[in-house]
1. Write out the GluC sites (Glu not before Pro) in segment A:137-198 meeting two conditions: DSSP loop, and at most 13 other Cβ atoms within 10 Å of their Cβ.
2. Could I have the simple spin-label model distance between residue A:412 and residue B:204, label points 7 Å from Cα toward Cβ, reported in nm to one decimal?
3. At 1.4 Å probe size, with every protein chain present, just tell me what the per residue accessible area of segment B:234-348 comes to in Å².
4. Please report the equivalent ellipsoid semi-axes of segment B:51-126, computed as sqrt(5 x eigenvalue) of the Cα gyration tensor, largest first, in whole Å.
5. Given N residues in chain A, what is its alpha carbon radius of gyration divided by 2.2 N^0.38 Å?
6. Hey, can you rank A:429-442, B:326-339, A:350-363 by average C-beta count inside 10 Å, highest first?
7. Rounded to the nearest 0.05, what FRET efficiency is calculated for residue A:113 and residue A:381 with R0 set to 56 Å and r the Cβ-Cβ distance?
8. So if I take the centroid of the Cα atoms in segment A:111-126 and the same for segment A:165-199, what is the distance between those two points in Å?
Amino acid sequence: MDYKINEWVSFLRRYGPIPQNDNMYDESIRRLTKKLKIQPLSFEVPLRSQLIENFTSASPVSVILTGTAGDGKTHLCSQVWEAVGGEPAEWLSDSKVRRTKLKGGRRLIVVKDLSEVSIGRERKFLADLCESASAKDPKDVFLIAANDGQLIAALKELGSGKKERKVADAIERMLVDGTDSRKDLSLRLHNLSRTDVPELFSKMLDALLSHPGWKGCAGCPGTGDDSSVRCPIWHNYQTLVREQLLRRRLSDLLTLCELNDLHLAIRQILIVLTNAILGHPDVDDRLMSCESVDQVVSSGAAAKASPYRNVFGMNLTRRRREDLAAFDALSRFGIGNETNNAVDNILIYGSDDPQLAPYFDELVRPDAAYGFHRDFATAQKAYLESDVGGGAPPLLAELPSQRQRLFFTLPDSRATLLGLWELSLFRYGGEYLSEVYRPLLDRKPVKRAIVYRLVRGLNRIFTGFLVKDDRTLYVASSNSHSQSRISRLLTDTISVDPKKGEQINLEYDPAMKRVFLKVYLSPDIVVPPLPLHPVRYEFLSRVAEGALPSSFSRECYEDFLAFKSHVHKAIEVRRKKEGSVPSSDGTVTLTLFDVGADGFPRPRPLEVQA
Amino acid sequence: MSAPNRLASQGIESALLLEEAIWGHRLYDEQTPWLTLLEFFMILAAEEEAGRAFTEPKGPNTLEYKACRRLHLRNILFNNPWLDLVRHEHGTSEDQWRRWLEIMRKESAGIPMLHRDFSYLQKRIPNFADFCDLVQLFCGSAIEGESNKRWSSKFPFPFGPDCLFEDLRVTGEKASNDRRFFARTGELLYLMLCRSGRGADLCARLQGLVLNREAPWNRLAKLLQPPDYEDPRTPTSGAYLPYEKLPDYAELADDWVRLLDLKMPGYDVLPHLANVTGLHLLLYVLRRACDWAKSGRKGVTFVLEIVNPTPTMVRQASIEQYEHNLYLPREAIDGYLKVVWESPAVQSALRGQAPFHATKTALENALNINWGKMGEQASSEPKKLFEEVVRFAQKRHRQHFANIHREYGREIGLISRRGARRPRYAPSDAFLRSLVFANVAGHMELNEFLERLYLRYGFVVGDAQAKEALRASGADRKAFRQNAMRLEARLRALGLIRRLSDDCAYVLNSYSPDRGAER
């Protein structure tokens, strides 16, 4: 079969997990765009308009862009350059430091990659930058792009002038704290690693899917109605275009990664998307091309091009998957290996069992390409008819891809019934997004039932007992150590619902872009907020439903014990403020507590008289 | 090999002054860092009461204090297996008290018969079950509570001055300090801190902690003691710290001050003080050994292996370093004796009249030898006599002092055999935490942290330090780089680090005053 060669596809491969790509990314893309006369992928990053506005305004400030490789710093710099009317020739030249005039007579100095600038010159810059940042109305403004590590190292080597040191320390603090500006500096620091993933992802996907290059596929036999010669690349492309659910679930996964501080740079996300469309385990570089489609289709292996498994990099070797940040991050969800009885029963017995058949017919059978495809049908039949030779039944090898597919195709209406998120390690992942993160982003409060459940988990960790009470936080310790595992002494209790200035809430911090657990002891005494990322949320929820803390996750357990220590400290502060007075007759009172079979702690005072 | 100047010692009763001369009187393997802290707190409380905290008003090595015994408290907590029995055999609180008081009158030890009256307890805690709970709470947090040491060598947690007392050996009504577990290491610690120049700072910070009489648990401990009787206090003196000034003292005090400034809740800082103290004492032992040991020229380093399932070259280096350090004190002993033998006094005695007696006297003077305590000396030849002295010294060294490196290291979590056949330097999580809390104010870049650990304690973790300390190169450097990466992963699991990007990670101390929310 002669499939049409579309140069856009070979260009697109460049964005995928090809080994040669790792170092020479920009270079190779640039060369190809020139050669093939194809527009490169471009989409608007939210920061772009903010930056352009800054540099075209009447009082621009300097900007530092940080982030990891592949976050798009260089790209942003070039967009700003263009927008302020910088000379295109200057940008394309080899100079590492580019200068241009801004409206209003100021000078803009752009360094698109700090590591390109040699040590001696680096010092001059940063010193000038510090000078400019301390001034109220700077003559020169800077736009510098650097990796966090480079920036910090360069700042440390700055001379010891007081002004420079002050600005350098302020910048370092901003980096560590994640803030983007300070009142006393004419400087903004944007960390491109802290992005708004759903919005960015949506823009990237749209840019990819609506690229004119796809028009080049018109007229190819693989795009026609004949499913026996259908091109898997085209099919995957159409799937991504049509299936909003796939988009949405993938966006959810990426958001959860980001919220767990597993940042995926733009470049990494592009690798995932490209691999989703082009991935296949049997071809060169494990990415399909117009040339290799024929081989894939005629060998009957088109089912292995499933975008649902490509998203997790299942077409690549395990080594390669571990090396690429995006696939490493997505693999932590365990999708493909995690499951529940309902889903596996449908997959294994669905075409046979009359009770399961309606689900199977709705969820698996209609997809002849990646659901009920030939290999799966054969393996399933063989398994059900006990027609298994030695060794593991082939059906078992098919299940991971089927589960991965179901994760992206199970409709919302079935999600609760069949336990969609039980297909991942983060059973509470979906709930975290829909009941905690998104409502907080919309400035709506989180349902109290969820806060109560988290408090129940906290109580079990804080006391070491199987507490059921979830309206009160029991802060317990041993007499010598606040972080003890089994704590029999009750230091204090804190009301979850607002009462006498106490309360426990989930709040969103827009600067850090994260959800925090906040425990208020009084209107002005708050325990240092605990970042509640999806991993910790999962941990607390599982402990609340009965898991043993130290066996589920030792790391999270230590985190919460340390949090308990901070709660103790805050209680001490409150007591000091309240001026709690020891009893005048020398009596010492302790509060022990017992946890009854009903799970409610009962405080018991122990008094010793003088 | 030049040792710093040493102060003269007085009246130390020992067969010969060898370890004492080099390290002081004294360090001992059975006194773990926690027990050292307890002895130290006891001394500090006594000196503070006398208005002399952290000073040596009569001159160096004149420490004299009176140690409390608190036998009533100790009997209640640690010589009291009858509580459950009494509760089961008798129904009412009245009966239980009556029975228990009877038993204690007969069975309590170390207290003269006349004073074995525990009835004050019943007036203070009428409910016997409450009394049992209270005892259990004290025992649950006791130091060495679970060990099979004698009951008179168990100690309650140091909640305050009324919980502090000396280690004793108790038989019948008699009690004496046999210096078994309080072997004076606490005294050395006290003198070191006196001479650190930061005594006032430390005192101010400990006021609210172990010196606070009003702390609830200290008051409880006081209420468990009789209102109108106190055991006679034991006057103690004789501590000897040879060096008047050492940078080590200030380093130790600095770590203490930094830890205390974190204002951790309650007594949480104490385990970290114990670890850091153990580390500094270990460094003191090894550094002084370097003054006398042949192979001590290079100073003291420790190659730290962050535990890895498979053996690496870092583990090998760590094992070798461990064995090198293990023998340093022994080498120091040998070196010191050699210097004594080659000293003018001994050499001229050898050549002069009556060489045997002259040499014997010269040796006796140099080492303060008490020939009676040394056992039979068979020989009549000077060289053979010296060799007997050497053999005695080495044997005595092996019995206790030689074990200090291993014991201290294990107690603080620096030395471990985990996952390997031989012990080496593999820091535990608790030890790592103590290091971070004592060294990081707020935040510190990871490489800076590694360098600081090297400069202050001689710890080699990453490749930059390996290059400098061990002249490592090539593949070895890669192994150390991976070692540092494993350290980062461990610190992340402990919630002590945040990675910003590819080449930049920050170690965080969430207790630092200006650092609230970062975790």
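1. Values: sites: A:157, A:164, A:172; in loops: A:157.
Answer by residue number: A:157.
2. Label-label distance for residue A:412 and residue B:204, simple model: 6.2 nm.
3. Per-residue value: 35 Å².
4. Working: eigenvalues 294, 30, 23 Å².
One finds semi-axes of 38, 12, 11 Å for segment B:51-126.
5. Working: Rg = 29.1 Å, N = 610, 2.2 N^0.38 = 25.2 Å.
For chain A, the normalised Cα radius of gyration comes out at 1.15.
6. Values: A:429-442: 18.1, B:326-339: 19.7, A:350-363: 15.7.
Top to bottom by mean Cβ count within 10 Å: B:326-339, A:429-442, A:350-363.
7. Details: r = 58 Å, r/R0 = 1.03.
Once the sixth-power term is evaluated, E becomes 0.45.
8. The distance from the Cα centre of segment A:111-126 to that of segment A:165-199 comes to 19 Å.
The values are calculated or read from the model by the stated rules, or taken from the named source; none is laboratory data. These numbers come from a predicted model, not from an experiment. When we count neighbours, we look across all protein chains shown, and the Cβ atoms used for this are built from the backbone with ideal geometry, even at glycine. Surface accessibility is based on the protein's heavy atoms, side chains included, excluding ligands, DNA and RNA. Shrake-Rupley method; radii C 1.70, N 1.55, O 1.52, S 1.80 Å.
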